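Here's the structure, in structure tokens; my notes come after.
The values are calculated or read from the model by the stated rules, or taken from the named source; none is laboratory data. None of these values were measured; they are calculated from a predicted model. All Cβ positions, glycine included, derive from the backbone under ideal geometry; neighbour counts span all protein chains shown.
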Amino acid sequence: MEVHHHPDLHHKNKKWKDYLLEFLMIFLAVTMGFIAENIREHISEHKNAHILAESLLEDLKKDTASLHTLLTYSNHKMKAIDSLLEILHSPRSSWDPKSLYTNLVPLFTALPFRSTDGTITQIKTSGTLRYFNQSLVNIINTYGVQLKKTEYRDEVEDKGTWILGNFNFDMVNSEVSTDIRLNKPVTHEMYINVNTKPLTDKMINLVSMIKAFRFRCMQEYSGQLSIGEKLIAALEKEYGLQDSH
């Protein structure tokens, strides 16, 4: 049987420099790919942050407008409370029913602050808070903390309003209060059953309680407004949004 011999295959041994060059080329390729991916991710995050910043800015503008309205209304309510207390502290025979009813109505009107928090909730629950720099994150978190205080004070005043309301069901005519609230002609009897000193004292205490609650609400509204305006300014500066709004 004929035996075939394969020719010897001669392999040229690579030098260490060749291996080093291959390693460097692979390393550079992987590194450049990693850098490119990071750049793409950074650009995408910055773009998304800009979109979220615009949305958050719109929400904050609604919030601050609402807070300005609430502070204006609160001043009106505090004046009504002071006028009502002045009446209650005067002799019962000097009470003007129309004035008492007119100043009593604002105490039953509750306008709690309702934040437009859709964007800020999305940012916190989706993990996109990391898109923003730390100074913005700090203000956003501070705004959220203040919001809890503001909402709590509104809830406290609301409970106090119900206490005063339950007392006044027996003291005044709710139909008259409704007419005044709706700016309708008063066609019902303006009776006032606060005809003893204990009842007068109780009503003074309840009205004073509402005054204290409203004062604390105003403090929280002012704090919320201050942080909101600070956050608006920071967002406008960071993302150049001044000219677009």
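Worth a mention:
Every residue, every condition in (1) over 20 Å from the mean Cα position of the chain (by Cα); (2) over 15 Å from residue 84 (Cα atoms), yes or no:
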site	(1), (2)
173	yes, yes
191	yes, yes
200	yes, no
203	yes, no
206	yes, no
216	no, yes
225	no, yes
232	no, yes
238	yes, yes
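- Subset of segment 139-167 (residues that are under 16 Å from residue 224 (Cβ atoms) and more than 14 Å from the chain's Cα centre (by Cα)): 155, 156, 157
- Segments classed as helices (runs of 4 or more DSSP H), wholly inside segment 106-202, with at least 1 members that are in contact (Cβ under 8 Å) with a residue 60 or more places away in the chain and closer than 30 Å to residue 239 by Cβ: 118-126, 134-168
- If the condition is being surrounded by fewer than 15 Cβ atoms within 10 Å (Cβ to Cβ) and in a loop (DSSP other than H, G, I, E, B), then segment 207-245 contributes 240, 242, 243, 244, 245.
- Among (1) surrounded by 13 or more Cβ atoms within 10 Å (Cβ to Cβ); (2) closer than 30 Å to residue 242 by Cβ; (3) at pLDDT 95 or above; (4) of a type outside the set (Val, Ile, Thr) - the single one residue 52 does not satisfy: (3)
- Leading residue by the ranking (nearest to residue 186 (Cα to Cα)) among those in segment 72-96 that are buried (at least 16 other Cβ atoms within 10 Å of the Cβ) and in contact (Cβ under 8 Å) with a residue 60 or more places away in the chain: 84
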